[in-house]
Amino acid sequence: MSKIKTVIWKMQPHTEMKHIILKKYLDAWLPIMANTNKKILYIDGFAGPGEYKNGEIGSPIIAINAIKNHKANITSEIRMFFFEADKDRCDFLDQKISKMSPLPSNIKIKIEHARFGEKLKDIFDSLDGQKQKIAPAFVFVDPFGFPLSFKLVKRIMENKGCEVLITFMYEEINRFLKKPELSKNFDKIFGTNQWRAVLSIKDPGKRKSMLHEVYKNQLEKNANIEFVRSFEMKNKSNKTDYFLFFGTNNIVGLKKMKEAMWKVDGYGNFQFSDATHNPLQPMLFEKEPRYHLLKKIILEKFRGKIVTIRDLEYFILTKTYFRETHYKTQILGVMEKANPPKIIRKCDKCAKSSKCKIIRTRYPEDCCQIKFL
Ligand SMILES: C[S@@+](CC[C@H](N)C(=O)[O-])C[C@H]1O[C@@H](n2cnc3c(N)ncnc32)[C@H](O)[C@@H]1O
């Protein structure tokens, strides 16, 4: 299915962005997971050769470097699995990793020439036979074409502490959707036949958002993933190439992934386009988040109501593009200082506690309630 036949190939800007998101997330994920687990897994199911045409590193090397160069002292055992179906790419990766030795003794690496879906099924079947579960894992599913069968995504997420980052090749999927001989295959990929409803939709934008919603909904409702976020990658023609779907059951994981995604799109659209990317401009430009938009979203939900800081922050984190760092000073602070004020602090503890008065603008989550006027 893939047009790329060579062992290594030229890296596109959107791949670079995907790698920034991966690296930023791993930098945050590693110490959190390593502090709470003796053993963690990093699984790259579609590993690639580990290098691109101009010498840029691929996802397996990014992950190994993230551990090796982490400023925190990571001592728990980290088992890394790299699966690659193409023999030459797998050998290339093997050689590249062998040149990285010596690696810290807590990193155990396995590189396998195998098809990830089949391999994963064998692993789960064998563990089920022994009534065992896999250790907490970060699983990166980054194919050229169609992703993993949904059943396997579900099986990964049934294990405690597991997270997935999935490249959902929208363009490729959308292109082949009409082929009747592939229908059954798409049922497996989506884990439902609900995708078939888009076949009658002509409008490309509607079609895209419907397919995106079917997959997102499946991750949330069928695989029971508590937090799902996606990031849209567009190609040189400014058309959607793929969505990166991230799924976790850990709110800290969600926070960290949103932080990583905001690094790539400082505007908060959660998208990147090769068409508008200027390589001569600094990549990680700091754009101003659209606070007015967040304020509008908050007011639509809470105007006239009283809400705790904890609930407000949970809403912002889980239901909007915005981050937990985007609302206190920039929105609540401004609304409270307005004349007349647009919010009132309702807080029994604050009224009594001098500590809270000193740190007034911080809106501590364990005590403050806000009334939106
Ligand atoms: C998009 S590339 C991976 C790029 C890599 N993750 C990175 O970011 O540097 C997809 C890779 O998956 C490999 N592949 C294709 N089908 C596979 C399968 N069923 N199992 C494992 N690898 C597969 C391809 O040969 C290709 O090298």
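Values in this text are rule-based calculations from the coordinates and carry no lab data. In this text the structure is predicted, and so the values were computed from the model without any measurement. In this analysis, Cβ positions are derived from the backbone assuming ideal geometry, glycine residues included, and neighbour counts consider all displayed protein chains.
Dividing the helix sum by the residues of the chain, where each DSSP H run of 4 or more adds -39500 (n - 2.57), gives a mean residue ellipticity at 222 nm of -12000 deg cm²/dmol.
In whole angstrom, the stretch 13-273 maps to an equivalent ellipsoid with semi-axes of 29, 21, 19, each derived as √(5λ) from the alpha carbon gyration tensor and ordered largest first. Build a GNM of the chain with springs between Cα atoms under 10 Å apart, and of Gly191, Gly50, Gly333 the one that fluctuates most is Gly333.
Dipole of the chain computed with +1 at Lys/Arg Cβ and -1 at Asp/Glu Cβ about the Cα centre; of Ile109, Ile61, Asn250, farthest Cα towards the positive end is Asn250. Taking each residue as 0.36 nm, the span from Glu118 to Asp311 lengthens on full extension beyond its C-alpha to C-alpha distance by 65.3 nm. Of all the options Val307, Val264, Val214, the one that moves most in a Gaussian network model of the chain with Cα springs shorter than 10 angstrom is Val307.
Applying both filters, DSSP loop and at most 13 other Cβ atoms within 10 Å, to the GluC sites (Glu not before Pro) of the stretch 168-232 eliminates every site. Computed extension gain for Glu158 through Asn339, at 0.36 nm per residue and net of the alpha carbon distance, reaches 60.0 nm. Once you reduce the stretch 96-130 and the stretch 293-347 to the center of their Cα atoms, the two points are 45 Å from each other.
Inter-label distance, Gln132 to Leu299: 5.8 nm, where each label sits 7 Å from its Cα along the C-beta direction. Projecting the Cα atoms of Asn174, Pro136, Ser209 onto the dipole axis of the chain, where Lys and Arg carry +1 and Asp and Glu carry -1 at the beta carbon, places Ser209 farthest toward the positive end.
Among the trypsin sites (Lys or Arg not before Pro) within the stretch 60-158, those in coil by DSSP and having at most 13 neighbouring Cβ atoms inside 10 Å are Lys71, Lys99, Lys131.
Residues His113, His292, His14, ranked from the fewest to the most other C-beta atoms within 10 Å, line up as His292, His113, His14.
This model, with +1 at the C-beta of Lys and Arg and -1 at the C-beta of Asp and Glu, gives the stretch 13-273 a dipole about its Cα centre of some 440 debye. Amide hydrogen proximity for Gly266: with H placed 1.01 Å from N in the peptide plane, the residues at 5 or more positions away or on another chain lying under 5 Å are Lys287. Between the stretch 12-44 and the stretch 53-76, the C-alpha centres lie 9 angstrom from each other. Helices in the chain that qualify as membrane-span-like (whole DSSP H runs, Cα extent of at least 27 Å along the helix axis, mean Kyte-Doolittle hydropathy of -1.0 or higher) are 13-36. For the chain, a Gaussian network of Cα nodes joined below 10 Å ranks Ile109, Ile67, Ile225 by mean-square fluctuation, and the top entry is Ile109. Over the chain, what is the percentage of antiparallel beta bridges among all DSSP beta bridges, to the nearest 5? Looking only at bridges with both residues in the chain, the antiparallel portion is about 45 percent.
The fewest-to-most ranking of Thr36, Thr320 by surrounding Cβ atoms within 10 Å reads Thr36, Thr320. The Rg/Rh ratio for the stretch 143-259 is 0.96, where Rg is the radius of gyration of the alpha carbons and Rh is the Kirkwood radius. As a length-normalised measure over Cα pairs under 8 Å and 6 or more apart, the relative contact order of the chain settles at 13 percent.
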